[in-house]
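Contents: one structure, followed by commentary.
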(Lines give C-alpha, C1' and ligand atoms only; values in the text may rest on other atoms or scores of the structure.)
Protein backbone atom coordinates (compact mmCIF):
# COMPACT_ATOMS: atom_id res chain seq x y z
CA UNK A 1 0.00 0.00 0.00
CA UNK A 2 2.87 2.39 0.83
CA UNK A 3 4.52 1.64 -2.51
CA UNK A 4 1.26 2.39 -4.34
CA UNK A 5 0.87 5.66 -2.46
CA UNK A 6 4.40 6.76 -3.31
CA UNK A 7 3.90 5.92 -7.00
CA UNK A 8 0.70 7.94 -7.15
CA UNK A 9 2.36 10.90 -5.46
CA UNK A 10 5.32 10.80 -7.80
CA UNK A 11 3.00 10.69 -10.80
CA UNK A 12 1.02 13.63 -9.41
CA UNK A 13 4.18 15.69 -8.97
CA UNK A 14 5.41 14.96 -12.50
CA UNK A 15 2.10 16.06 -13.96
CA UNK A 16 2.35 19.58 -12.51
CA UNK A 17 2.87 22.29 -15.12
CA UNK A 18 6.43 23.57 -15.61
CA UNK A 19 5.31 27.08 -15.65
CA UNK A 20 7.90 30.36 -10.57
CA UNK A 21 8.89 28.51 -7.90
CA UNK A 22 8.02 25.56 -5.71
CA UNK A 23 9.56 24.67 -2.37
CA UNK A 24 10.83 21.40 -0.97
CA UNK A 25 10.59 19.80 2.46
CA UNK A 26 14.19 18.50 2.50
CA UNK A 27 15.94 19.58 -0.73
CA UNK A 28 17.22 23.14 -1.41
CA UNK A 29 14.47 25.74 -1.49
CA UNK A 30 14.13 28.51 -4.02
CA UNK A 31 15.81 31.56 -2.45
CA UNK A 32 13.46 34.20 -1.08
CA UNK A 33 15.28 37.44 -0.36
CA UNK A 34 19.00 38.01 0.16
CA UNK A 35 19.24 36.31 3.57
CA UNK A 36 17.36 33.34 5.02
CA UNK A 37 17.57 31.16 8.13
CA UNK A 38 15.96 27.73 8.46
CA UNK A 39 15.38 25.82 11.72
CA UNK A 40 14.30 22.18 11.34
CA UNK A 41 13.37 19.26 13.58
CA UNK A 42 12.87 15.63 12.46
CA UNK A 43 11.47 13.29 15.11
CA UNK A 44 11.36 9.51 14.42
CA UNK A 45 8.45 7.47 15.76
CA UNK A 46 9.92 4.06 16.58
CA UNK A 47 6.91 2.06 17.78
CA UNK A 48 7.73 2.62 21.44
CA UNK A 49 6.92 6.03 22.88
CA UNK A 50 9.89 8.40 22.93
CA UNK A 51 10.10 12.04 23.86
CA UNK A 52 9.02 14.39 21.04
CA UNK A 53 12.20 16.42 21.38
CA UNK A 54 14.42 13.38 20.82
CA UNK A 55 15.14 14.36 17.26
CA UNK A 56 17.58 15.47 14.58
CA UNK A 57 17.80 19.25 14.44
CA UNK A 58 19.28 21.47 11.76
CA UNK A 59 20.08 25.18 11.73
CA UNK A 60 20.98 26.48 8.28
CA UNK A 61 21.70 29.85 6.72
CA UNK A 62 21.78 31.23 3.18
CA UNK A 63 23.35 34.56 2.22
CA UNK A 64 23.25 36.11 -1.24
CA UNK A 65 26.66 37.53 -2.18
CA UNK A 66 25.92 38.35 -5.84
CA UNK A 67 22.98 38.09 -8.20
CA UNK A 68 22.03 34.41 -8.34
CA UNK A 69 24.97 33.34 -6.14
CA UNK A 70 24.58 32.33 -2.49
CA UNK A 71 26.75 30.85 0.26
CA UNK A 72 25.22 28.33 2.67
CA UNK A 73 25.99 26.87 6.08
CA UNK A 74 24.23 23.99 7.87
CA UNK A 75 24.80 22.83 11.46
CA UNK A 76 23.10 19.53 12.44
CA UNK A 77 22.49 18.52 16.05
CA UNK A 78 20.99 15.30 17.41
CA UNK A 79 19.41 15.40 20.88
CA UNK A 80 17.88 12.79 23.16
CA UNK A 81 15.95 13.14 26.40
CA UNK A 82 15.50 9.39 26.88
CA UNK A 83 16.52 7.91 30.25
CA UNK A 84 17.32 4.53 28.64
CA UNK A 85 19.76 6.07 26.14
CA UNK A 86 23.10 7.53 27.14
CA UNK A 87 22.94 11.30 26.85
CA UNK A 88 25.31 11.60 23.92
CA UNK A 89 23.54 14.52 22.25
CA UNK A 90 26.02 16.22 19.94
CA UNK A 91 26.61 18.01 16.67
CA UNK A 92 26.80 16.20 13.35
CA UNK A 93 28.86 17.07 10.28
CA UNK A 94 28.94 20.84 9.71
CA UNK A 95 28.35 21.66 6.05
CA UNK A 96 29.46 24.69 4.02
CA UNK A 97 28.50 25.26 0.42
CA UNK A 98 27.25 27.40 -2.44
CA UNK A 99 23.94 27.70 -4.27
CA UNK A 100 23.63 29.08 -7.80
CA UNK A 101 20.17 30.21 -8.93
CA UNK A 102 19.29 30.54 -12.60
CA UNK A 103 15.88 31.99 -13.48
CA UNK A 104 14.11 30.73 -16.61
CA UNK A 105 11.46 33.43 -16.50
CA UNK A 106 9.03 34.68 -13.85
CA UNK A 107 7.70 31.21 -13.02
CA UNK A 108 10.62 28.72 -13.10
CA UNK A 109 14.14 28.45 -11.74
CA UNK A 110 16.99 25.94 -11.62
CA UNK A 111 19.21 25.51 -8.57
CA UNK A 112 22.74 24.08 -8.60
CA UNK A 113 24.30 23.49 -5.19
CA UNK A 114 27.56 22.06 -3.96
CA UNK A 115 28.95 21.57 -0.47
CA UNK A 116 31.46 19.83 1.74
CA UNK A 117 30.50 18.20 5.04
CA UNK A 118 33.34 18.20 7.54
CA UNK A 119 34.21 15.10 9.63
CA UNK A 120 32.80 16.56 12.85
CA UNK A 121 30.25 13.80 13.65
CA UNK A 122 31.24 12.00 16.87
CA UNK A 123 31.68 8.25 16.86
CA UNK A 124 28.98 7.56 19.44
CA UNK A 125 25.60 5.81 19.36
CA UNK A 126 23.09 8.63 19.44
CA UNK A 127 24.14 10.89 16.57
CA UNK A 128 24.49 8.26 13.81
CA UNK A 129 21.56 6.13 15.01
CA UNK A 130 18.92 8.80 15.63
CA UNK A 131 20.25 11.06 12.88
CA UNK A 132 20.01 8.43 10.16
CA UNK A 133 16.62 7.13 11.34
CA UNK A 134 15.26 10.67 11.21
CA UNK A 135 17.00 11.90 8.07
CA UNK A 136 18.33 9.01 5.97
CA UNK A 137 18.55 11.29 2.93
CA UNK A 138 20.96 13.47 4.93
CA UNK A 139 23.46 10.62 5.39
CA UNK A 140 26.38 13.03 5.07
CA UNK A 141 25.36 14.88 8.23
CA UNK A 142 25.46 11.89 10.58
CA UNK A 143 28.11 9.40 9.38
CA UNK A 144 31.13 9.54 11.73
CA UNK A 145 34.74 9.86 10.56
CA UNK A 146 33.76 10.94 7.04
CA UNK A 147 34.06 14.02 4.85
CA UNK A 148 31.47 14.28 2.09
CA UNK A 149 31.34 16.16 -1.19
CA UNK A 150 27.71 16.83 -2.15
CA UNK A 151 26.19 18.13 -5.37
CA UNK A 152 22.57 18.69 -6.38
CA UNK A 153 20.61 19.99 -9.36
CA UNK A 154 17.02 21.09 -8.81
CA UNK A 155 14.28 22.58 -10.94
CA UNK A 156 11.30 24.44 -9.47
CA UNK A 157 8.23 25.72 -11.34
CA UNK A 158 4.92 27.34 -10.39
CA UNK A 159 1.67 27.74 -12.23
CA UNK A 160 -1.31 29.73 -11.02
CA UNK A 161 -2.10 27.38 -8.12
CA UNK A 162 -0.01 24.27 -8.75
CA UNK A 163 3.76 23.97 -8.39
CA UNK A 164 6.30 21.20 -8.81
CA UNK A 165 9.93 20.31 -9.24
CA UNK A 166 12.57 17.62 -9.28
CA UNK A 167 16.08 17.04 -7.90
CA UNK A 168 19.02 14.79 -8.71
CA UNK A 169 22.15 14.68 -6.57
CA UNK A 170 25.15 12.71 -5.42
CA UNK A 171 27.42 12.33 -2.40
CA UNK A 172 31.01 11.13 -2.40
CA UNK A 173 31.61 10.08 1.19
CA UNK A 174 35.31 9.74 2.05
CA UNK A 175 36.59 8.08 5.26
CA UNK A 176 38.98 10.23 7.27
CA UNK A 177 40.25 7.60 9.71
CA UNK A 178 42.27 4.44 9.09
CA UNK A 179 39.40 2.08 9.96
CA UNK A 180 39.04 -0.02 6.78
CA UNK A 181 36.00 1.94 5.58
CA UNK A 182 35.53 2.50 1.86
CA UNK A 183 34.70 5.63 -0.09
CA UNK A 184 30.98 5.52 -0.84
CA UNK A 185 28.91 6.92 -3.70
CA UNK A 186 25.31 7.79 -2.82
CA UNK A 187 22.82 8.93 -5.47
CA UNK A 188 19.61 10.86 -4.82
CA UNK A 189 16.51 11.76 -6.81
CA UNK A 190 13.21 13.34 -5.92
CA UNK A 191 9.98 14.92 -7.10
CA UNK A 192 7.90 17.51 -5.27
CA UNK A 193 4.58 19.22 -5.84
CA UNK A 194 2.09 21.48 -4.09
CA UNK A 195 -1.29 23.09 -4.45
CA UNK A 196 -1.82 26.60 -3.07
CA UNK A 197 -5.13 26.77 -1.21
CA UNK A 198 -4.97 30.45 -0.27
CA UNK A 199 -2.65 33.44 -0.57
CA UNK A 200 -0.66 32.26 2.45
CA UNK A 201 -1.07 28.45 2.66
CA UNK A 202 -0.25 25.44 0.49
CA UNK A 203 -0.32 21.65 0.77
CA UNK A 204 2.67 19.75 -0.58
CA UNK A 205 3.97 16.27 -1.31
CA UNK A 206 7.45 14.94 -1.97
CA UNK A 207 8.94 11.64 -3.12
CA UNK A 208 12.65 10.93 -2.54
CA UNK A 209 14.93 8.06 -3.48
CA UNK A 210 18.35 7.16 -2.09
CA UNK A 211 20.68 4.61 -3.68
CA UNK A 212 23.89 3.46 -2.00
CA UNK A 213 25.54 2.82 -5.35
CA UNK A 214 28.75 1.26 -3.99
CA UNK A 215 26.95 -1.12 -1.63
CA UNK A 216 26.10 -4.69 -2.65
CA UNK A 217 23.57 -5.22 0.15
CA UNK A 218 19.94 -6.07 -0.61
CA UNK A 219 18.65 -2.91 1.08
CA UNK A 220 20.82 -0.33 -0.70
CA UNK A 221 17.78 1.35 -2.33
CA UNK A 222 15.25 3.22 -0.20
CA UNK A 223 12.45 5.70 -0.75
CA UNK A 224 10.44 8.10 1.33
CA UNK A 225 7.24 10.01 0.77
CA UNK A 226 6.23 13.21 2.55
CA UNK A 227 2.93 15.04 2.95
CA UNK A 228 2.51 18.38 4.68
CA UNK A 229 1.47 22.01 4.70
CA UNK A 230 3.28 25.34 4.93
CA UNK A 231 2.72 29.06 5.03
CA UNK A 232 3.94 31.02 1.99
CA UNK A 233 4.37 34.68 1.01
CA UNK A 234 5.04 35.76 4.62
CA UNK A 235 8.35 36.61 6.38
CA UNK A 236 8.07 33.72 8.88
CA UNK A 237 7.11 30.48 7.12
CA UNK A 238 6.42 27.42 9.33
CA UNK A 239 6.09 23.97 7.74
CA UNK A 240 4.70 20.71 9.14
CA UNK A 241 5.05 17.35 7.38
CA UNK A 242 4.99 13.59 7.90
CA UNK A 243 7.59 11.33 6.26
CA UNK A 244 7.10 7.61 5.57
CA UNK A 245 10.00 5.35 4.58
CA UNK A 246 9.58 2.68 1.92
CA UNK A 247 12.61 0.57 2.72
CA UNK A 248 13.92 -2.66 4.19
CA UNK A 249 16.41 -3.30 6.98
CA UNK A 250 17.48 -0.47 9.26
CA UNK A 251 14.69 1.94 8.30
CA UNK A 252 11.91 -0.59 8.99
CA UNK A 253 12.29 0.41 12.66
CA UNK A 254 10.64 3.76 11.89
CA UNK A 255 6.84 4.06 11.83
CA UNK A 256 7.05 7.60 10.49
CA UNK A 257 8.99 10.83 10.97
CA UNK A 258 7.41 14.08 12.17
CA UNK A 259 8.97 17.11 10.50
CA UNK A 260 8.76 20.71 11.68
CA UNK A 261 10.67 23.64 10.23
CA UNK A 262 10.56 27.42 10.15
CA UNK A 263 12.06 29.65 7.46
CA UNK A 264 12.78 33.30 8.20
CA UNK A 265 13.94 35.70 5.51
CA UNK A 266 13.77 39.23 4.27
Residue 230 - would you say it is in contact with a strand residue (DSSP E or B) (Cβ under 8 Å, 6 or more places away or on another chain) and within 24 Å of residue 247 (Cβ to Cβ)?
no
Taking into account only those residues within region 123-150 that are touching a helix residue (DSSP H, G or I) at 6+ places or on another chain (Cβ under 8 Å) and part of a loop (DSSP other than H, G, I, E, B), which is surrounded by the fewest Cβ atoms within 10 Å (Cβ to Cβ)?
144
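For every residue, the table says whether it meets (1) modelled with pLDDT of 90 or more; (2) over 19 Å from residue 257 (Cα atoms); (3) surrounded by fewer than 16 Cβ atoms within 10 Å (Cβ to Cβ).
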residue: 16; (1), (2), (3): no, yes, no
residue: 19; (1), (2), (3): no, yes, yes
residue: 38; (1), (2), (3): yes, no, no
residue: 43; (1), (2), (3): yes, no, no
residue: 56; (1), (2), (3): yes, no, no
Whether any residue in region 162-172 is modelled with pLDDT of 95 or more, farther than 23 Å from residue 111 by Cα and surrounded by fewer than 16 Cβ atoms within 10 Å (Cβ to Cβ) is what I want to check.
no
State the number of residues belonging to region 58-72 that are surrounded by 21 or more Cβ atoms within 10 Å (Cβ to Cβ) and at pLDDT below 95.
0
Taking residue 153, is it farther than 20 Å from residue 261 by Cβ, at pLDDT 95 or above, in contact with a strand residue (DSSP E or B) (Cβ under 7 Å, 6 or more places away or on another chain) and surrounded by fewer than 22 Cβ atoms within 10 Å (Cβ to Cβ)?
yes
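State all residues of region 191-201 that are within 25 Å of residue 113 (Cα to Cα) and either surrounded by fewer than 22 Cβ atoms within 10 Å (Cβ to Cβ) or touching a helix residue (DSSP H, G or I) at 6+ places or on another chain (Cβ under 8 Å) (or both); if no residue qualifies, say none.
Going through region 191-201, the residues within 25 Å of residue 113 (Cα to Cα) turn out to be 191-194.
Correct list: 191, 192, 193.
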Top-ranked residue of region 87-119 - restricted to ones that are farther than 19 Å from residue 69 by Cβ and assigned to a strand (DSSP E or B), ranked as nearest to the chain's Cα centre (by Cα)
117
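The values are calculated or read from the model by the stated rules, or taken from the named source; none is laboratory data. From a predicted model like this one, the values you see are computed outputs, not experimental measurements. Counting neighbours? That spans all protein chains shown, and the Cβs are built from the backbone with ideal geometry, glycine included.
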